[in-house]
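The values are calculated or read from the model by the stated rules, or taken from the named source; none is laboratory data. The structure displayed is predicted, hence computed values, not measured ones. Cβ placement follows ideal geometry from the backbone for every residue including glycine, while neighbour counts extend to all protein chains displayed. Ligands, DNA and RNA are stripped out before the accessible areas are found, and what is left, the full protein with its side chains, is counted by its heavy atoms. Shrake-Rupley method; radii C 1.70, N 1.55, O 1.52, S 1.80 Å.
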Amino acid sequence: MKKILLFVYSNPELYPPTINAANIFSEKGHNVILVGFLSEIPGSIKIHKEIRIINLGLLKLGIHGVFQYLRTIFRLILITKKNSPDWIISYDAYASIITAISAYLNRIKWVYYQHDYWENPIGLWQKIIFKLEKKAVQSSEFWCFPQHQRAKEFSKNSPKKKEV
């Protein structure tokens, strides 16, 4: 039985593939920890009761959001150190940098799952995050995209080439 930490820099309940992955890992007997910024949403997906949920609060915007992002790096490092997962799976560009740092410092294997790769980020903050994402994911064991075309595009724009 492996301990798997799933991290989303958002509300995981907004992403059915994340919850489905957590539920499937749990059904297979793995110890699953789901970390994200949970808030009540209508019609949320059922999360198995065996899954441990760590709620990081509500997402903030603007300069408060930048400070929250930096604080989340330290929080995930501590959460990872305390829980000692075998694997970390992160789900978006915003989670990539945080997870890369935490996985590296805690010597844990990391899988990067990216559902929606955007070729043209909007605004300075997104451009910084997306540029750092391409560097951060080089330290992942592998990355995964559900769409072949987006995986090829991401790989083409990344400094270290990986097989698609």
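Some points to look at:
- Inter-part distance where segment 139-158 and segment 80-98 are each reduced to a Cα centre, Å: 18 Å
- Sequentially through segment 24-31, phi angles give Karplus couplings (6.51, -1.76, 1.60; θ = phi - 60°) of 5, 4, 5, 4, 7, x, 7, 7 Hz, Gly and Pro residues having no value and appearing as x.
- 5 angstrom amide H check on Trp110, placed H, neighbours 5+ away: Ile88, Glu141
- Backbone amide hydrogens, once placed in the peptide plane, bring Leu38 within less than 5 Å of Leu56, Gly57, excluding anything fewer than 5 places away on its chain.
- Springs join every pair of Cα atoms under 10 Å in this Gaussian network model of the chain, and among Ile98, Ile73, Ile89 the largest mean-square fluctuation is at Ile73.
- Structure-derived Cα extents along the principal axes in Å - corresponding label in (i) 62, 42, 27; (ii) 39, 37, 33; (iii) 60, 32, 22: (ii)
- Take the chain with all the other protein chains still there, run a 1.4 Å probe, and you get 57 Å² of accessible area per residue.
- Loop-located trypsin sites (Lys or Arg not before Pro) across segment 1-35 with a Cβ neighbour count of 15 or fewer within 10 Å are Lys2, Lys28, with loop assigned by DSSP.
- Built amide H within the under 5 Å cut-off of Ile53, gap 5+: Leu34
- Of Lys82/Lys134; Lys2/Lys82; Lys109/Lys131; Lys2/Lys152; Lys2/Lys134, pairs whose Cα-Cα distance is over 26 Å: Lys82/Lys134; Lys2/Lys152; Lys2/Lys134
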